[in-house]
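Notes to accompany the following structure.
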Amino acid sequence: MAIEFRCTGCEVLLRVGDHTGGLPAKCPECGTLQTIPQYGSELDIAPKGPPDPSDPDFQPRKKSNSKNNDDTAGVMSLLLGLTALMTSCCLPLAFPVSLIGLVLGIRAFKSENRVPAIIGIVLSFLGLLVTLGMTVLMLFSF
Ligand SMILES: [Zn+2]
């Protein structure tokens, strides 16, 4: 079998042995240097039309993208809740972190993947409680 492809310079149909796929070739007609396509790729034989709208790869992935964003928000909420818990001794940091974690978790709760959001809400809420508890302790210790 042979590889057939069109020259990128003059569009002439070229035929080479199938063992030459991926190698550089010089067009005998116009002298353009190009890479021979791999055998069976049919890359340059079929004319390239506009993208087919029925092609699944061409469909916009708005839904899956928004889902990914929600997942990220849920995981972020989880991480912020953890951070808030771990930094609860440092109040100026733990208070805003736990609040942001709580807001992100509530926002992500509306998405399909609720597990990280729920954990994030619980952790952020705990972080907020611990932070408030630490604030009260500090106020009484003075
Ligand atoms: Zn050529």
Pairs where the first residue, in region 26-39, is touching a residue at least 24 places away in the same chain (Cβ under 8 Å) and the second is near the ligand (Cβ under 6 Å from one of its atoms), C-beta under 9 Å, 6+ apart | T32/C7; T32/G9; T32/C10; Q34/C7; Q34/G9; Q34/C27
Pair list, Cβ under 6 Å, 6 or more apart: region 1-20 residue within 8 Å of the ligand (Cβ to nearest atom), other residue aliphatic (A, V, I, L, M) | C7/L14
Looking only at region 1-12, which residues are loosely packed, with under 13 Cβ neighbours inside 10 Å, within 40 Å of the chain's Cα centre (by Cα) and among the aliphatic types (A, V, I, L, M)?
-> A2
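Just so you know, all these numbers are worked out from the coordinates, no wet-lab data involved. Keep in mind the model is a prediction, meaning the values are calculated, not measured. Cβ coordinates were reconstructed from backbone atoms using ideal geometry, including for glycine residues, and neighbour counts include every protein chain displayed.
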